[in-house]
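Note sheet for the following structure.
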Amino acid sequence: MELVTSFLAAAIVAGTPLLFATLGEIITERAGNLNLGVEGMMLMGAVIGFQMGLVTGSPIMALLAAMLAGALGASIFAVLTISLRANQVVSGLALTIFGTGFSGFVGKELVGQVAPDSIKMFFKPFSLPGLGNIPFLGKVFFNQDLFVYLGYLTAVILGIYLYKTRKGLNLRAVGENPGAADAASININLYKYVHVLLGGALCGLGGAYLSLVYVPAWQENITAGRGWIAVALVIFATWNPYKALFGSYLFGGLDIIGFRIQGTDIQVSQYFIDMLPYLVTIIVLVMVSLRKSKRNAPPRGLGVPYFREER
Amino acid sequence: MNNVKYISMVNITKTFGKVIANKNINLSVNKGEIHALLGENGAGKSTLMNMLSGIYIPDSGSIFIEGEEVKFSSPKDSIQAGIGMIHQHFKLVEVLTAQENIILGQKTGFFLNKKAIREKIEEVQRKFQLEVDLDKKVYEMSVGEKQNLEILKVLFRGAKILILDEPTAVLTPQETAKLFIIMRKMKEEGCAVIFISHKMNEVMEISDKITVLRKGETVKTVDKEKTNPQELTELMVGYPVDLSIKRLEKQGRKAVLRVRNLRVENEEGIEVLKGLNFDLRAGEILSIAGIAGSGQKELCEAIAGLYPVKSGEILFKGENLVGKNPKEIIAKGVSMSFIPEDRLGMGLVAAMDIVDNILLKQYQKQKGFLVNRKPATSKAKEIIKKLDIQTPGIYHPIRDLSGGNIQKVLLGRELDTNPELLITAYPVRGLDINTCHKIYDLLNEEKAKGVAILYIAEDLDSLIGLSDRIMVLSNGEITGIVEARKATKEQIGLMMLGEKINETEGAYVV
């Protein structure tokens with residue numbers, strides 16, 4: 001039992017960077033923009049957040065810097081795809097390449113450095129009063145660090161925003177049918193810019209969690225493909241922030257299962273375990289594509305630039 | 001009250017690249033008036049209205065509402081000025097419910113306060129007698145329901161000026177009648193209604209005033225009382241037009257196509273064609289009438305090899321086509337052109353020019369690795385001249401052409417392959433009278449050559465006027481085949497609803 005709770009609690013920690021990135025991409029795709037630069041924006045957030053943490057020692061400043069860096073990356077994509085109506089796939093891929101190079105360049109001097117103690121202390125796990133004492137669930141979900149709680153909160157807030165507010169309804173319309181939204185006097189470009197940037201900021205946060213809390217030190221290419229898993233998780237979650245919680249923690253579990261198995265007597269090839277997240281991603285994508293329903297379909301306007309006077 | 005000039009558009013000009021869509025257009029509409037905008041395809045009706053609704057910005061000219069000049073830079077400005085437009089292609093978000101579509105973009109509070117708004121929507125519904133199920137998702141709605149929702153949406157937003165862009169093009173006669181009731185109701189409430197159409201009988205039925213556009217220019221504004229369809233058609237086309245449809249005598253006697261006991265199932269395993277039997281002779285036009293979705297599309301596609309056949313035979317000159325692929329069937333001399341509801345979509349590539357679209361079919365006759373553009377180029381010029389297609393040039397992407405011109409390109413290409421069997425579905429869908437007649441003439445020309453023609457259309461008047469025999473489909477079954485000369489609209493209407501005619505003349509006679 002002890003083993004299970006500690007595994008699940010660790011899965012949530014490992015899933016938290018995925019969660020932020022997935023939520024960021026969900027909000028971006030809901031605005032009709034497919035940003036494949038998640039990996040790049042995570043890396044930008046990771047390196048800038050880490051650098052800021054080193055310089056100031058302030059966790060708040062570090063997080064703000066990470067969000068800003070992610071949003072900055074997203075702004076490149078936004079200008080290209082929204083204002084200039086460039087191809088979204090190509091722009092997103094370019095952003096990933098740019099972000100990878102950017103983090104390598106900025107992080108060259110940082111390799112091997114460890115996050116300052118003030119930040120480590122700030123993100124130390126603590127038990128939430130009341131909730132932390134629930135048997136089993138309390139141990140898994142509510143004995144975590146502040147960043148993990150922030151993840152729960154972000155998912156719930158985004159869920160309420162999307163499904164219960166007017167702005168959320170407008171956003172869904174923008175992603176589904178920009179022509180209809182435009183005719184309903186919604187400012188398409190404003191919505192797209194705001195949500196693409198917001199999505200980038202969330203991806204930046206996901207990266208910062210890796211460098212400041214999860215590792216917590218700087219290493220080259222610290223995201224190791226998590227940004228791509230987040231892109232697949234968006235489909236797995238059918239663009240729903242609540243389902244993103246489940247998906248992210250599931251993949252967090254797959255990520256750490258290798259270490260855990262090493263401690264037991266079970267003999268499994270390390271290579272097989274390393275392959276698991278990607279194998280499951282493929283299986284999930286196949287399954288999601290098989291069940292065709294309007295409810296789970298991607299936003300219809302996804303990937304299509306909007307130009308009002310187009311005939 | 002009726003003397004207030006509610007809207008006036010003065011000297012409006014708009015160009016798209018090289019295409020001049022509107023040139024110095026003038027239009028004024030009063031309160032409590034239903035004003036029809038009449039014109040051929042590509043006359044600039046939709047463009048003009050898109051400028052009034054803020055979607056396009058005019059290159060020059062001014063718009064006045066109640067005497068004050070307005071400048072719309074987005075649909076938002078136009079909505080605020082009380083203008084609501086029902087577009088030809090509905091502006092609805094499919095995955096949302098009716099109510100969500102209505103409150104979209106409204107600015108009242110942060111959260112969706114569904115109850116309070118619902119009462120307001122229902123009030124508007126009562127006032128205009130609009131029946132819409134507010135909790136239904138748009139993708140589950142019929143076209144008529146969607147249209148009602150669109151109208152409710154703009155009325156809820158306080159529209160006083162309603163623009164309907166070819167609202168009846170996709171409606172059944174019953175739905176059209178309902179729409180007219182709503183339009184009259186709006187007129188009573190003091191709204192101005194602008195109605196774009198090219199169906200003469202509808203324009204004569206519903207409108208008070210009619211403005212005729214031709215090739216992007218205003219021809220004349222007339223009172224309905226003081227005009228007649230003949231005059232309107234002349235204004236629209238620019239020269240006198242004979243409105244009667246010619247019917248040539250039947251040419252051959254040999255049956256080109258024999259369909260025996262044809263059964264077809266759709267993807268869900270439901271039988272959509274339930275054992276069809278009919279013959280089609282050379283030099284004959286056999287029309288298919290039926291309510292939309294009675295199996296017309298499946299029949300066309302089954303013959304063309306695009307739809308799997310469950311059982312039965314399709315004999316073309318004695319050879320069974322079942323199991324052959326479309327390419328083989330085309331090579332045997334069968335041609336199919338299907339105009340879907342959204343006009344583009346089947347058969348043509350919007351981003352390509354006329355030459356390349358012709359080449360799509362023409363290149364298959366060519367030998368060698370490289371494609372020779374010359375024959376297609378000369379064909380393109382020929383088709384443009386023969387069918388009078390309005391385009392800046394043969395190398396212009398066809399998406400910039402108006403719907404009618406796109407249809408002409410498709411039909412022109414299909415006729416060019418010199419088929420022995422021509423299947424043409426909805427070739428005049430959404431076309432104006434003059435173009436319709438051009439297409440009827442084309443079909444008659446083919447008939448005179450001895451081509452067997454299977455013709456599917458919605459307009460019963462043209463079916464009766466043009467064809468030799470009419471086959472009525474209802475729910476995948478043939479309810480009767482009648483001689484067009486003796487048929488009446490009422491009789492066909494009943495058969496469309498499923499009433500079988502026992503002794504039908506001309507059926508199965510070879």
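Structure notes:
- Residue B:309 being farther than 30 Å from residue B:272 by Cα, more than 24 Å from the chain's Cα centre (by Cα) and of a type in the set (Val, Ile, Thr): no
- Pick from the stretch A:239-250, criterion in contact with a helix residue (DSSP H, G or I) (Cβ under 7 Å, 6 or more places away or on another chain) and either free of Cβ contacts under 8 Å to residues at least 24 places away in the same chain or open to solvent by 10 Å² or more (accessible area, probe 1.4 Å) (or both), ranking: farthest from residue A:283 (Cα to Cα): A:242
- Remark: residue B:48 matches the filter, which requires a residue to be open to solvent by less than 30 Å² (accessible area, probe 1.4 Å), at pLDDT 90 or above and not small (Gly, Ala, Ser).
- Flag for residue B:424 being open to solvent by 30 Å² or more (accessible area, probe 1.4 Å), touching a strand residue (DSSP E or B) at 6+ places or on another chain (Cβ under 7 Å) and more than 15 Å from residue B:244 (Cα to Cα): no
- Residue in the stretch B:108-127 that is aromatic (Phe, Trp, Tyr), under 24 Å from residue A:167 (Cβ atoms) and within 28 Å of the chain's Cα centre (by Cα) present: no
- In this structure, residue A:282 does not qualify as within 30 Å of residue A:65 (Cβ to Cβ) and among the aliphatic types (A, V, I, L, M).
- Residue in the stretch A:62-78 that is farther than 18 Å from residue A:35 by Cβ and either open to solvent by 70 Å² or more (accessible area, probe 1.4 Å) or in contact with a strand residue (DSSP E or B) (Cβ under 9 Å, 6 or more places away or on another chain) (or both) present: yes
- Restricting the stretch A:158-169 to residues that are open to solvent by 40 Å² or more (accessible area, probe 1.4 Å) and basic (Lys, Arg), the residue that is farthest from residue B:112 (Cα to Cα): A:167
- Counting only residues that are open to solvent by 30 Å² or more (accessible area, probe 1.4 Å), under 15 Å from residue B:211 (Cα atoms) and aliphatic (A, V, I, L, M), the stretch B:8-29 holds 1 of them.
- Only one of the numbered conditions (1) touching a helix residue (DSSP H, G or I) at 6+ places or on another chain (Cβ under 6 Å); (2) among the small types (Gly, Ala, Ser); (3) outside any strand (DSSP E or B) is not met by residue B:36, and that is (3).
- Test result for residue B:164, closer than 22 Å to residue B:101 by Cα, open to solvent by less than 10 Å² (accessible area, probe 1.4 Å), hydrophobic (A, V, I, L, M, F, W, C) and within 18 Å of the chain's Cα centre (by Cα): yes
- Looking across B:54, B:44, one residue alone is within 14 Å of another protein chain (Cβ to nearest Cβ) and in contact with a Phe, Trp or Tyr (Cβ under 9 Å, 6 or more places away or on another chain). It is B:54.
- Checking each residue in the stretch B:134-158 for being touching a strand residue (DSSP E or B) at 6+ places or on another chain (Cβ under 6 Å), surrounded by fewer than 23 Cβ atoms within 10 Å (Cβ to Cβ) and within 13 Å of chain A (Cβ to nearest Cβ) picks out only B:137.
- Residue A:83 being open to solvent by less than 30 Å² (accessible area, probe 1.4 Å) and among the polar types (S, T, N, Q): no
- Matching entry among A:50, A:7 (being in a helix (DSSP H, G or I) and surrounded by fewer than 24 Cβ atoms within 10 Å (Cβ to Cβ)): A:7
- Any hit, the stretch B:237-249, residues being over 27 Å from residue B:448 (Cα atoms) and more than 22 Å from the chain's Cα centre (by Cα): yes
- For the stretch B:278-382, the strands (runs of 3 or more DSSP E) that sit wholly inside it and include 1 or more residues that are open to solvent by 20 Å² or more (accessible area, probe 1.4 Å) and modelled with pLDDT of 85 or more are B:311-316.
- Some residue of the stretch A:102-125 being under 18 Å from the mean Cα position of the chain (by Cα) and surrounded by 14 or more Cβ atoms within 10 Å (Cβ to Cβ): yes
- Looking across B:424, B:417, B:435, one residue alone is more than 30 Å from residue B:22 (Cβ to Cβ), away from every other protein chain (no Cβ under 14 Å) and either within 16 Å of the chain's Cα centre (by Cα) or of a type in the set (D, E, K, R) (or both). It is B:424.
- Residue selected from the stretch B:84-124 under the condition within 8 Å of chain A (Cβ to nearest Cβ) and polar (S, T, N, Q), by the criterion least open to solvent (accessible area, probe 1.4 Å): B:101
- Scanning the stretch A:172-215 for residues that are farther than 19 Å from residue A:238 by Cα, facing chain B (nearest Cβ under 10 Å) and free of Cβ contacts under 8 Å to residues at least 40 places away in the same chain yields a count of 7.
- Any hit, the stretch A:143-157, residues being of a type in the set (S, T, N, Q), over 22 Å from the mean Cα position of the chain (by Cα) and either buried (at least 18 other Cβ atoms within 10 Å of the Cβ) or within 11 Å of chain B (Cβ to nearest Cβ) (or both): no
- Any hit, the stretch A:216-233, residues being of a type in the set (A, V, I, L, M), within 14 Å of another protein chain (Cβ to nearest Cβ) and over 14 Å from the mean Cα position of the chain (by Cα): no
- Odd one out for residue B:29 among (1) among the β-branched types (Val, Ile, Thr); (2) under 23 Å from residue B:224 (Cα atoms); (3) under 23 Å from the mean Cα position of the chain (by Cα): (3)
- The set of residues from the stretch B:478-490 being buried (at least 17 other Cβ atoms within 10 Å of the Cβ) and either over 24 Å from the mean Cα position of the chain (by Cα) or modelled with pLDDT of 90 or more (or both) comprises B:478, B:479, B:480, B:481, B:482, B:487.
- Matching residues, the stretch B:246-267, being assigned to a loop (DSSP other than H, G, I, E, B), modelled with pLDDT of 75 or more and buried (at least 17 other Cβ atoms within 10 Å of the Cβ): B:247
- Selection status of residue A:254, within 14 Å of chain B (Cβ to nearest Cβ) and modelled with pLDDT of 85 or more: no
- Residue within the stretch B:58-78 that is part of a loop (DSSP other than H, G, I, E, B), within 10 Å of chain A (Cβ to nearest Cβ) and buried (at least 20 other Cβ atoms within 10 Å of the Cβ) present: no
The values are calculated or read from the model by the stated rules, or taken from the named source; none is laboratory data. No experiment lies behind these values; they were computed from the predicted model shown. Reconstructed Cβ throughout: ideal geometry from the backbone, glycine too, with neighbour counts over all protein chains shown. Side chains included, ligands, DNA and RNA excluded: accessible areas come from the protein's heavy atoms. Shrake-Rupley method; radii C 1.70, N 1.55, O 1.52, S 1.80 Å.
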